[in-house]
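For reference, the structure discussed in these notes is given below.
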Amino acid sequence: MQAPANTESTSAAEKIARLRLSAGAAYRLGVASRSVAAIVGGYVLAALVTMLLSVSLPMARSEAVMTATLLSFAIYTCAVIWVFATRSALRAWLGLTIPAAVIAAILQSMDALSWSLA
């Protein structure tokens, strides 16, 4: 038996090979990421749209809140369906994060978003 000529390069290559995920693990991680995006991101998006509709619908405040709340169920459902219909988990996260950030900016500019935790 001969010893490898360069043990540093083989040990680095072995470390990189051990860090790679198998195809099954990568798939499971993608599904887990999409699940978190659907649950958390969909909820945040639906809540922000509900807040925006509550303050911008041209009707009595109680009716606007009720209408926005009823619409939030459809928005949340569409967000969950969309997250699992996209090609990648990154696209799913971006597709929820960008609209949520835009809506949050609109709400902030309307002084309708309160960031205080008190």
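Points to keep in mind about this one:
- The residue of the range 1-42 that is modelled with the highest pLDDT, among those that are polar (S, T, N, Q) and exposed (fewer than 12 other Cβ atoms within 10 Å of the Cβ), is Ser22.
- In the range 60-83, the residues that are surrounded by fewer than 13 Cβ atoms within 10 Å (Cβ to Cβ) and within 21 Å of Arg34 (Cα to Cα): Phe73, Ala74, Thr77, Ile81
The values are calculated or read from the model by the stated rules, or taken from the named source; none is laboratory data. The shown structure was predicted, so the numbers you read here are calculated from the model rather than taken from an experiment. Don't worry about glycine lacking a Cβ; one is built from the backbone with ideal geometry, like all the others, and counts go over all protein chains shown.
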